[in-house]
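The values are calculated or read from the model by the stated rules, or taken from the named source; none is laboratory data. The structure presented is a predicted model; accordingly, all values stated were derived computationally and were not measured. Using ideal geometry, Cβ is built from the backbone for each residue, glycine included, and neighbour counts are taken over all protein chains shown.
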Amino acid sequence: MLLLAVIIAAAPYADPLGRFTVSLPEGWHPAALAGAPAASAFRREREGQVANVVVEVTALAPDTSLASVVQGSGRAAAKAPGYKLTYEGKGKLGPLPCHRRRYLQTFGEGGRWLKLSEDRWAVAGTRAFVVHAESTSEGFPLFERDLEALFASFRPGGAGGVGLVDSPVVGRWVMIDSPDTALDLRADGTFELAGQGGTFRVEGAQLEMQAFGAEAEVFRWRLVGSDLVLEAPSLGGAITYRKAGVGATPR
């Protein structure tokens, strides 16, 4: 089973980065997901059983089809012990057409338990959404009605590159420690860094960046004069960029 941290107070959920909203049925709570800060996780316990739901959002190149997203997804799950596909076909994720896949896996010492999972993939604009639900094969039926309500309530937010970003981070920045490395944060919500493109979103002091076909990275940003400072645990320290054309790059 996915390892979820301490439960947070329950409430109708709006992704803090504005990527989606979802209504949580009674008894469901947001929870932290270890090792995946950009994902959102939810949990419910009932009659001694536990169900987990995880929502992941990935940036896409423009005009990427749902079929191509699905084709490249789910390979890791298929390699898990005891994998057995039980259903695959079309469905709905809120207002979006989606692809559904339901499958079994074993887990625990010696594969002593059986887990049932369902994944739903959908595409909106330049974002792919996958909602993963899981419980034991015995417990999954207890949560079926909840999961259908949760899937139906899903709504994508600003789907990457829709509208203009009004933030002081918009512009062309040059890395101080590597003057040949430029970061372009464009008002249309797209970025380019060292030849790699993607989408970004600003929410308060958080900057979410997703390279096309990759998982999101979330940074804390701040301006110091004409410098943009980005920080994240994965960086091992702060990275400083200077606004292109402003002053000389310091030694």
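When the range 1-37 is examined, which residues are found to be more than 23 Å from M209 (Cα to Cα) and either at pLDDT 85 or above or of a type in the set (V, I, T) (or both)?
V6, I7, I8, S23, L24, P25, E26, G27, W28, H29 - these are the residues of the range 1-37 that are more than 23 Å from M209 (Cα to Cα) and either at pLDDT 85 or above or of a type in the set (V, I, T) (or both).
State yes or no: is G171 of a type outside the set (F, W, Y), in contact with a strand residue (DSSP E or B) (Cβ under 9 Å, 6 or more places away or on another chain) and modelled with pLDDT under 80?
Judged against the criteria, G171 is not a match.
Pairs, please: C-beta under 9 Å, at least 6 apart or cross-chain, first residue β-branched (V, I, T) and in the range 226-242, second surrounded by fewer than 11 Cβ atoms within 10 Å (Cβ to Cβ)?
Correct list of pairs: I239/D177; T240/D177; T240/V224.
So which residues in the range 117-160 are surrounded by fewer than 21 Cβ atoms within 10 Å (Cβ to Cβ), of a type in the set (D, E) and either in contact with a strand residue (DSSP E or B) (Cβ under 6 Å, 6 or more places away or on another chain) or without any contact (Cβ under 8 Å) to a residue 60 or more places away in the chain (or both), if there are any at all?
Selection gives E144, E148.
Here are some residues: F143, F151. Which one is part of a helix (DSSP H, G or I) and at pLDDT 95 or above?
Just a single option satisfies the conditions, and that option is F143.
Of everything in the range 175-223 that's surrounded by fewer than 19 Cβ atoms within 10 Å (Cβ to Cβ) and in contact with a Lys or Arg (Cβ under 7 Å, 6 or more places away or on another chain), which residue is farthest from L17 (Cα to Cα)?
Checking each candidate, the answer is I176.
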